[in-house]
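Report on the structure given below.
The values are calculated or read from the model by the stated rules, or taken from the named source; none is laboratory data. In this text, all values refer to a predicted model and were calculated from it rather than measured experimentally. Because the Cβ atoms are built from the backbone with ideal geometry, glycine has one as well, and the counts that use them run over all protein chains shown. Side chains included, ligands, DNA and RNA excluded: accessible areas come from the protein's heavy atoms. Shrake-Rupley method; radii C 1.70, N 1.55, O 1.52, S 1.80 Å.
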Amino acid sequence: MAKLEVKIGKIKLKNPVMAASGTFGYAKEFEKLVNLKHIGAIITKTITLNPRQGNPMPRICETSAGILNAIGLQNEGIDNFLKEKIPYLSKIGTPIIVSISGNNIDEFFILARRLDKIKSISGIELNISCPNINCEGLVAQDTKETHEVVKAVRKITDKTIITKLSPNVTDIVKIARAAENAGSDAVSLVNTFFGMAIDINTRKPKLGNITGGLSGPCIKPIALRMVYEVSKNIDIPVIGIGGIMNANDAIEFMMAGAAAIQVGTANFIEPGVCDKIVKGIEEYLKKHKIEKIEDIAGNLDGNN
Amino acid sequence: MKDTRVKVLSNKKISHVYYKMALDAPYIARTAKPGQFVQIRCNDSFEPLLRRPFSVHRVNGNIEILYETVGSGTEILSNKKEGDKINILGPLGNGFTLPRTTNGEPRAIIIAGGIGAAPLVYLAEELTKKKIKTIVLIGAKTKNLILCEKDFKKATPEVYVSTDDGTYGSQGFVSKLFHKILKTTESKFETIVYVCGPHGMLKCIADICQERKFKCQVSLEEKMACGIGVCLGCAVKTKSGTKLACEDGPVFNASELIW
Ligand SMILES: Cc1cc2nc3c(=O)[nH]c(=O)nc-3n(C[C@H](O)[C@H](O)[C@H](O)COP(=O)(O)OP(=O)(O)OC[C@H]3O[C@@H](n4cnc5c(N)ncnc54)[C@H](O)[C@@H]3O)c2cc1C
Ligand SMILES: Cc1cc2nc3c(=O)[nH]c(=O)nc-3n(C[C@H](O)[C@H](O)[C@H](O)COP(=O)(O)O)c2cc1C
């Protein structure tokens, strides 16, 4: 049997397939649809310090081979998360990585401090696609601000930190380096691409928020290129995300340099897809007589 | 709730833009309640990408869905042939709440607007099975868009029709017919109203019910992606905060909603 284990920071994953934040809820929603124990790690929907109502409807619209979403980080806040979601998550037996986001550095710090105390949480993913209060744009669009957020969280926790990068930047490698230098254990990329769609009959935007984030198969080539560039230029593990629908897509990301991958939109279309991807990777390794998954990571040298 | 690959047993055009598809989905047939829905993957490719939600129209060992062709997904569905296989996830959501009965009380009034008839036939069948006196009002733009009249009549003798253009039944919106029926069929019993149709019609019926202090359950259609409460795409504003059409609904008490 080929070896599928990978290590991200301090977390040992039985395989490189993770469920992406915001597309897998708090895992319970999937308990009847996929074997949660078979997934490498589960990243929970981004939580914030205080509850958030989210954006006006419509929040989702389909585009060619993709979807636009503008959910607006609707969540019940950390108190509710710890009380209502953690007991179930703790029992699954699969590494749980909690995605957090804040309106400022203090909020990231407070969230991380509270999660740090909970043993059953393996890691924290920093969703820095949130507004940067010091200047225009997102935290994830600014090297200095990215550095500050990661540094603050690093100070308070020894748990594995994954910094999730936005693709809406001119040079994603620079942001990845900032996260690495501030002590992030890994980076995950990409979050969604800014996008928009208009209903020409009503002459209105198709999303209540006007613009939203694009995900799904249509973003895969761009995400793949970004994973390739980032993994060549930093030393911490890269987790590939973007339009992964099946094992072939996942393997492609790993060949581009990803140590692990996350599955997002595909969970909506095929709720059992994470399990299927794990099996597909296993079959691929077997077929090509590859002993361990690391042997394909970042390997673009052809078959010989 | 299960995701299963099932066989299309039949797929027939019933009129104009409406189709009825029977699916060999015994698990869903066994477990689905009136008002629940399924998520159907119209295509094995990723175009269209998302599944499409459809109400469980009827169950009898298999399930039936009744659908209108409005875009790419339903167009692809309409071309499915007997024996084709598709993925179907369900049953999903919370359906209609059926009342407890004592001596024929309360009475139920079902109001269907256009394709809104889809989830209501199964409801009518279940209500009458429980010996609840059930009145059905069907509304549509014009005669050939009236749906399920025969099926409703099999469940209950009291079926009334209205068309916006007056080509069949009484003329006007179904809300007008509702007013009329309320006048002619005074009941000393409590009345529960079940309604599915376009948003404006739901609101109009809900307003009448509020005036009359009738309980009213509405089935909402919101754009949704996952159908299982994960993506938070199908938010519905209610008096007790933001709810999800897929998980908390699609059926809501009208008095709970912020219209
Ligand atoms: C709980 C529920 C039950 C439904 N039951 C039925 C039914 O029994 N019969 C029936 O004909 N239709 C039903 N609908 C509406 C049906 O899902 C849409 O007509 C269908 O998704 C349109 O897909 P399309 O690809 O043909 O159209 P497109 O317009 O190409 O679809 C584009 C996108 O918009 C979404 N969408 C379009 N119209 C609607 C709508 N009215 N409601 C929700 N999403 C929509 C689609 O799912 C898709 O993501 C139901 C909707 C919901 C939410
Ligand atoms: C409906 C929806 C909600 C999402 N919510 C979050 C979120 O809360 N936090 C986050 O970091 N990413 C969120 N994402 C982004 C995904 O985790 C992922 O990065 C992105 O969708 C690209 O991957 P995909 O093409 O496989 O979906 C969301 C995506 C979708 C489609």
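Give the cysteines in chain B for which no other Cys Cβ lies under 4.7 Å away, or write none if there are none.
B:42, B:148, B:196, B:204, B:234, B:246
Taking amide hydrogens as modeled 1.01 Å from N in the peptide plane, which residues meet the under 5 Å criterion relative to residue B:109, leaving out close sequence neighbours?
Result for residue B:109 returns B:135, B:192, B:193, B:194.
Determine the sum of side-chain charges near residue B:190: Lys and Arg each +1, Asp and Glu each -1, restricted to other residues whose C-beta is under 10 angstrom from that of residue B:190.
+3
Summarise the partner chain shielding of A:218-230 as one whole number: the mean count of Cβ atoms from other chains within 10 Å of each residue's Cβ.
So the per-residue partner count for this stretch is 0.
Return one number: the angle in degrees, 0 to 90 and rounded to the nearest 10, between the long axis of the Cα atoms of helix B:120-129 and the longest principal axis of the Cα atoms of chain B.
60 degrees
Rounded to the nearest percent, how much of the accessible area of the stretch B:107-256 (1.4 Å probe, protein heavy atoms only) is carbon and sulfur?
54 percent
Using 10 Å bins from zero, what percent of all Cα-Cα pairs in chain A falls into each bin?
6, 29, 38, 22, 5, 0
Please turn the phi angles of the stretch B:180-192 into ³J(HN,Hα) values with the Karplus equation 6.51 cos²θ - 1.76 cosθ + 1.60 (θ = phi - 60°), one per residue in order, whole Hz, x for glycine and proline.
4, 4, 5, 5, 7, 10, 3, 9, 7, 7, 4, 10, 10
For peptide A:48-58, what's the mean number of Cβ atoms from other chains within 10 Å of each residue's Cβ?
Mean shielding count: 3.
Karplus couplings for the stretch A:262-269 from phi (6.51 cos²θ - 1.76 cosθ + 1.60, θ = phi - 60°), rounded to Hz, Gly and Pro as x?
10, 10, x, 3, 4, 4, 6, 8
What whole-number distance in Å separates the alpha-carbon centres of the stretch A:149-221 and the stretch B:81-100?
When both Cα centres are located, 36 Å separates them.
Net charge within 9 Å of residue A:9 by Cβ-Cβ distance, Lys/Arg positive one each and Asp/Glu negative one each, not counting residue A:9 itself?
+2
Return the distance in nm (one decimal) between the two label points of a simple spin-label model at residue A:158 and residue B:30, each offset 7 Å from Cα along Cα→Cβ.
5.1 nm
Given Cβ point charges of +1 (Lys, Arg) and -1 (Asp, Glu) and nothing else, what value in debye, to the nearest 20, does the dipole of the protein assembly as shown about its Cα centre take?
1560 debye
Given the -39500 (n - 2.57) contribution per DSSP H run of 4+ residues, what per-residue ellipticity at 222 nm results for chain B, rounded to the nearest 500 deg cm²/dmol?
Roughly -6000 deg cm²/dmol at 222 nm, from the helical runs in chain B.
What order do you get for B:158-170, A:178-190 when each peptide is scored by the mean count of other beta carbon atoms within 10 Å, highest first?
For the peptides B:158-170, A:178-190, the packing ranking is A:178-190, B:158-170.
Please list A:263, B:17 from largest to smallest accessible area, probe radius 1.4 Å, with all protein chains kept in place.
Descending accessible area places them as B:17, A:263.
How are the C-alpha pair distances of the stretch A:15-138 spread across 10 Å bins, as whole percents from the shortest bin up?
Histogram of Cα-Cα distances, whole percents per bin: 12, 42, 34, 12, 1.
Classify the stretch A:164-304 as rounded, prolate or oblate, taking a ≥ b ≥ c as the square roots of the eigenvalues of its Cα gyration tensor: rounded when a/c is under 1.5, otherwise prolate if a/b is larger than b/c and oblate if not.
oblate
If you plug each phi of the stretch A:110-125 into the Karplus form 6.51 cos²θ - 1.76 cosθ + 1.60 with θ = phi - 60°, what whole-Hz ³J(HN,Hα) values come out, in order, with x for Gly and Pro?
Values per residue, Gly and Pro as x: 5, 4, 5, 5, 6, 6, 4, 6, 9, 4, 6, 8, 7, x, 10, 9 Hz.
Can you give me the angle between helix B:199-212 and the longest principal axis of chain B, using Cα atoms only, in degrees from 0 to 90, rounded to the nearest 10?
The angle comes out at about 30 degrees.
Return the calculated 222 nm mean residue ellipticity for chain A, to the nearest 500 deg cm²/dmol, obtained by summing -39500 (n - 2.57) across DSSP H runs with n ≥ 4 and dividing by the residue count.
Here the helix-only value at 222 nm equals -8500 deg cm²/dmol.
For residue B:236, enumerate residues with amide H under 5 Å from its amide H, sequence gap 5+ or separate chain, H modeled in the peptide plane.
B:243, B:244, B:245
Probe of 1.4 angstrom, ligands and nucleic acids ignored: what's the accessible area per residue over the protein assembly as shown, in square angstrom?
Value returned for the protein assembly as shown: 43 Å² of accessible area per residue.
Take each of the peptides A:266-278, B:233-245, average the number of other beta-carbon atoms within 10 Å over its residues, and list them starting from the highest.
A:266-278, B:233-245
Ordering A:88, B:194 from largest to smallest accessible area (1.4 angstrom probe), what's the sequence?
The ordering from most to least exposed comes out as A:88, B:194.
What net charge is computed for the residues neighbouring residue A:213, neighbours being all others with C-beta under 13 Å from the C-beta of residue A:213, Lys and Arg scored +1, Asp and Glu -1?
Net of charged neighbours comes to +2.
So for the pair residue B:170, residue B:183, with labels modelled 7 Å out along Cα→Cβ, what separation do we get in nm?
With each label point 7 Å from Cα toward Cβ, the separation is 0.7 nm.
Would you mind giving the mean number of other chain beta-carbons within 10 Å of the Cβ of each residue in A:270-276, as a whole number?
3
By its C-alpha gyration tensor, with a ≥ b ≥ c as the square roots of the eigenvalues, how is the protein assembly as shown shaped: rounded for a/c under 1.5, else prolate for a/b larger than b/c, else oblate?
Verdict is prolate for the protein assembly as shown.
Would you mind putting A:226-234, A:201-209 in packing order, based on average other-beta-carbon counts within 10 Å, highest first?
A:226-234, A:201-209
Looking only at A:235, A:249, A:116, which one moves most when chain A is put into a Gaussian network model with springs between Cα atoms under 10 Å?
A:235
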